[in-house]
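One structure is given below, encoded as C-alpha cells.
The values are calculated or read from the model by the stated rules, or taken from the named source; none is laboratory data. Quantities reported herein were computed from a predicted structural model and do not represent experimental measurements. Every residue, glycine as well, gets a Cβ built from its backbone with ideal geometry; the counts of neighbours run over all protein chains shown. Accessible surface areas use protein heavy atoms only, side chains included; no ligands, DNA or RNA. Shrake-Rupley method; radii C 1.70, N 1.55, O 1.52, S 1.80 Å.
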Amino acid sequence: MQSNLILAERGGVLSYIQRGIEATILEASESYAAVMVTGPRQVGKTTTLQRLAGNRYTYVTLDDLEARRVAQTDPELFLSLYPPPLLIDEVQYAPELFSQIKMAVDRGALPGSYWMTGSQAFRLMELAQESLAGRVAILRMSSLSQQEIYGNGRHEPFCLDPEKLQQRAKSGRQTDTPGQYERVWKGSLPGYISGKYPNREIFYSSYLQSYIQRDIGDMLSRVDALQFEDFIRAAACRVGQMLNVHDVAVDVGITDDTAKRWLRLMEKSGVIFYLRPFSNNLIKRTVKTPKMYFFDTGLVAYLTKYSAPDILQSGAINGAILENYAVAEIVKSYTNRGMECVAHYYRDKNGKEIDLIIESNGLLHPIEIKKTASPSAELAVSFRVLDGAGLPRGMGAIVCTKQEFSAIDRMTAIVPVWSL
C-alpha cells in the first residue's frame, strides 16, 4: 500500500500523516510575523503546527483556563510570559490578544513569530482582519484529503491539464468501486483515519457531542443539543442537492429562520460548504439556489445510518455522497495550497445541469460526477451550454469510478475518483 500512513514499529499505531498545508504554513511564515490556521474541530491543526514547530516554539493552549484568563484580562502580560516564537492554540477564546500582537508586529517582530490556531474560522477571520489587517496570513485547514491519506506526498491543486492529471494519478493509490466507497464511508477526520480512535460509532458520536457543546455552544446559547443533532442529520440527508431550507426546518420542527441561522453556524464552523450556481448576463434562466456539501463524508455516512461501505454503495444517497466526496476533494486540493477554488455548479430551468464548474486562468472547466465505471459521451453534452457564457470553455471531465484515466474526446477527460 503506497501511502503516508506508516505503521509504527511497535504497537500497530499509525504514525503522523503528512499534511499538504505544511509547505504553505512554512512559506507564509517566511513573510508574515503572524500566521493563523483556522478550520473545523479535530482536523489536525494543533498536531500539524506542533510537529512543524518542534522545540523552537513555546506552546500554550487557551483550553487551559488559567492561561485563557490571563490572555483575556491582561494580554500584554500574557505575551510577556510566553515570548515568541509562540504557538497559541484555540486563540478564539482571547481575541484581546490580537491588538497586542499587532503592536508586536509593528515593533518589528520577526517572520513566523506568532502561530495561532482556532476552530471558528469566520469569526476568527473577521476579528483578525480587523486587528491584524495586512499583518497576518490566514490559512484554512480542512479534514484529511484523499491525497494525504492514500497518496505519496504530492499536494497540488486539481487541474484539468492532461500532463498534470497523469502526474496526479501517479501520486495516488488506485482502487475499484467498492474500495472507493470504503474511502467515502471512512471519511477524513484524522482521529479515526489514523487509528487513534478505532471504534467508528464512538468516535463520531463523541465528535458530534463535542462539536455541539463547544463550537455551537460558543456561538449560540441555549441550543437544544438533541434537536441540533437532528438538524445536522436532516442536512446530511440532502448533500449534493439544491438547498431547500423549508424542508430541513419541517423535518426538525423549527422555523425557517432558525434553520437558516443554524446552517450559517454549520458553515462558519467548517462542517458544511456551498457551491453557488453559475450565472452571468449572457446565460439566462439559471437557478439561484446553492447546493450544500459536507467536508467529511464519513460524518454524512454516520448521520445517515449507513453501517458499512457496501450498504452505502447501494444506498439511496450513493450518487449524492460520491459527488460530495469528489467536490470536497477538489476544494481541499486548493485550500491546502492557500488558494481559493473558484467553483460553481450549473442548472437552468430547462433541467440542464453541470455538477461542477471550475473557473481558472480565464477558462471555464465543466465537470460531471457520476457513479459509473463506463462513462458515455452523453454525460458531457450539457457542457455545451457554457459556450455562450462569455468565457472560453476549457477542458472538461467526467469524474467517475472507472479505474483508469482515459478520455471521451480532446475536450473531455475521464478522471477516476481515486485520483482526486
Subject >> The listed residue being under 29 Å from the mean Cα position of the chain (by Cα) and either modelled with pLDDT under 90 or exposed (fewer than 15 other Cβ atoms within 10 Å of the Cβ) (or both), out of Gly108, Gly12 >> reply: Gly12
**OP:** State which residue is modelled with the lowest pLDDT when the search covers only the range 112-130 and only residues that are among the hydrophobic types (A, V, I, L, M, F, W, C) and not in a helix (DSSP H, G or I).
**Re:** Met116
**OP:** Inspect the range 195-202 for any residue being within 22 Å of the chain's Cα centre (by Cα) and either closer than 30 Å to Pro366 by Cα or open to solvent by less than 50 Å² (accessible area, probe 1.4 Å) (or both) and give the result as yes or no.
**Re:** yes
Original post:
What is the number of the single condition among (1) among the hydrophobic types (A, V, I, L, M, F, W, C); (2) touching a strand residue (DSSP E or B) at 6+ places or on another chain (Cβ under 9 Å); (3) open to solvent by less than 20 Å² (accessible area, probe 1.4 Å) that Val287 does not meet?
Top reply: (3)
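Starting from residues that are of a type outside the set (Val, Ile, Thr) and crowded, with 20+ Cβ neighbours inside 10 Å, keep the ones in the range 396-411 and report whichever is farthest from Thr286 (Cα to Cα).
Checked the range 396-411; the qualifying residue farthest from Thr286 (Cα to Cα) is Lys402.
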Original post:
What residue, of Ala259, Ala301, is open to solvent by less than 10 Å² (accessible area, probe 1.4 Å), out of contact with any Gly (no Cβ under 6 Å at 6 or more places or on another chain) and either over 30 Å from Glu182 (Cα atoms) or basic (Lys, Arg) (or both)?
Top reply: Ala259
Original post:
With the range 340-394 as the region, which strands (runs of 3 or more DSSP E) entirely inside it contain at least 2 residues that are touching a residue at least 24 places away in the same chain (Cβ under 8 Å) and open to solvent by 40 Å² or more (accessible area, probe 1.4 Å)?
Top reply: 343-347, 353-360
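What number of residues in the range 295-326 are touching a residue at least 60 places away in the same chain (Cβ under 8 Å), in a helix (DSSP H, G or I) and of a type in the set (A, V, I, L, M)?
Step one: list which residues in the range 295-326 are touching a residue at least 60 places away in the same chain (Cβ under 8 Å), which gives 295-304, 306, 308-310, 312-313, 317-326.
This time we only want the ones that are in a helix (DSSP H, G or I), so: 297-303, 309-310, 312-313, 318-326.
With of a type in the set (A, V, I, L, M) added as a condition, the list becomes 299-301, 303, 312, 320-322, 326.
Here the count works out to 9.
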Subject >> Residue identified as aromatic (Phe, Trp, Tyr) and in contact with a strand residue (DSSP E or B) (Cβ under 6 Å, 6 or more places away or on another chain) among Tyr334, Tyr346 >> reply: Tyr346
Original post:
Residues Ser80, Ser29: which one is modelled with pLDDT of 95 or more, within 26 Å of the chain's Cα centre (by Cα) and over 27 Å from Pro198 (Cα atoms)?
Top reply: Ser29
